[in-house]
1. Just the residues that are in contact with a helix residue (DSSP H, G or I) (Cβ under 9 Å, 6 or more places away or on another chain) and assigned to a strand (DSSP E or B), please, taken from segment 141-152.
2. What's the total number of residues in segment 40-96 that are of a type in the set (D, E, K, R), free of Cβ contacts under 8 Å to residues at least 60 places away in the same chain, under 18 Å from ALA19 (Cβ atoms) and within 16 Å of the ligand (Cβ to nearest atom)?
3. So LEU154 ticks every box in (1) within 15 Å of the ligand (Cβ to nearest atom); (2) crowded, with 16+ Cβ neighbours inside 10 Å but one. Which box is left unticked?
4. Counting only residues that are buried (at least 16 other Cβ atoms within 10 Å of the Cβ) and touching a residue at least 24 places away in the same chain (Cβ under 8 Å), which one in segment 218-231 is farthest from ILE175 (Cα to Cα)?
5. With respect to GLY145, is the statement that it is touching a His at 6+ places or on another chain (Cβ under 8 Å) and either surrounded by 21 or more Cβ atoms within 10 Å (Cβ to Cβ) or in contact (Cβ under 8 Å) with a residue 12 or more places away in the chain (or both) true?
6. When only residues in segment 118-140 that are free of Cβ contacts under 8 Å to residues at least 40 places away in the same chain and part of a loop (DSSP other than H, G, I, E, B) count, which is farthest from the ligand (Cβ to nearest atom)?
7. Looking at ALA29 and the list (1) surrounded by 24 or more Cβ atoms within 10 Å (Cβ to Cβ); (2) away from the ligand (no atom under 14 Å from the Cβ); (3) over 18 Å from VAL117 (Cα atoms); (4) not charged (D, E, K, R), which single condition is not satisfied?
Amino acid sequence: MFDVEPYNDDVTLVKTSTAMEDGHPIMWAIAYLIKDTLFDAGCANALEDIERFAAKTEVNKIYVSHAHEDHYGGCSAFVPRSKIYAMEPDIQIIKNPPTIPEFFDFVWGQPKPVAEVEKMPSYFTIGDLEFEVVPLPGHGQQMVGFYEPNRKWLFSADAVPVPSRKIIGMPDENIPLMVETLEKILEMDIEIIFDAHRGPVTSPKEHVQVRVDFLNDIRVKVLKLHEEGKSIHEIQESLELSGPWYLEMTQGRFAIDIFLKSLLFDKAEK
Ligand SMILES: [Zn+2]
């Protein structure tokens, strides 16, 4: 699935997804187009649509927030014309994508390799817009967002998970570090958060605070049960945490026990 949705004079949403049987998207992955520049590039399951879009749209630069397949899977449609920028450890992944598990191949699609990927700068401009590259660690260790201080826009990638009560972790995730990043976002001067799955959020503080409160609240409960000697499994049962239908199919890439273990044992400092 593919959809292009102008948001304001500068920002256009480029939405990609895989359709469910009822025709609805499983989940949109949203790339943002500003003039000749993209933030992320969508998922590979929409590659044919992305290629048609790339053929008629001048995209010279793509800044990839992090090397998850729903963010860089569309890059191959834009090369060699577009320059692609990513953080150092992500460069190798984008050049040589690992084979993703079957479930994620169904949901997002297997990215194709891209020959050239440049190192992410710490600052860049698009016309009169000035962007700072902001580290947003926690979801992926190297994830970055793009902040425009004059417009007060933050392109936040996957820093603020949807929905707010998500209790699924991924092996790369560090939940305490994620909370620290969310608290850092709360202190920034932001009017609009451009989330990579939800789209633009015009009440960023409230939106982020709901997630921070949820994580801090559940952390207290998990710590207490842990101190009482309960196992991860028992903690999950006593808090009645259950995952979505597809959890098993992710083959451990999404799991509730990863989330609980990270809450208990990970430290925010690297
Ligand atoms: Zn991600």
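Bear in mind that the values in this text are calculations on the coordinates, not laboratory data. Since we're looking at a predicted model, the values are computed, not measured. As a convention, Cβ positions derive from the backbone with ideal geometry for all residues, glycine included, and neighbour counts pool all protein chains shown.
1. Passing the criteria: only GLY145.
2. Counting residues in segment 40-96 that are of a type in the set (D, E, K, R), free of Cβ contacts under 8 Å to residues at least 60 places away in the same chain, under 18 Å from ALA19 (Cβ atoms) and within 16 Å of the ligand (Cβ to nearest atom) gives 1.
3. (1)
4. That would be HIS226.
5. Judged against the criteria, GLY145 is not a match.
6. Going through the qualifying residues, I end up with ASP128.
7. Result: ALA29 passes all but (2).
Each row is one residue, and each column tells you yes or no for (1) assigned to a loop (DSSP other than H, G, I, E, B); (2) under 17 Å from the mean Cα position of the chain (by Cα); (3) more than 29 Å from ILE190 (Cα to Cα).
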{"position": "LEU47", "(1), (2), (3)": "no, no, yes"}
{"position": "GLU58", "(1), (2), (3)": "yes, no, no"}
{"position": "TYR85", "(1), (2), (3)": "no, yes, no"}
{"position": "ILE93", "(1), (2), (3)": "no, yes, yes"}
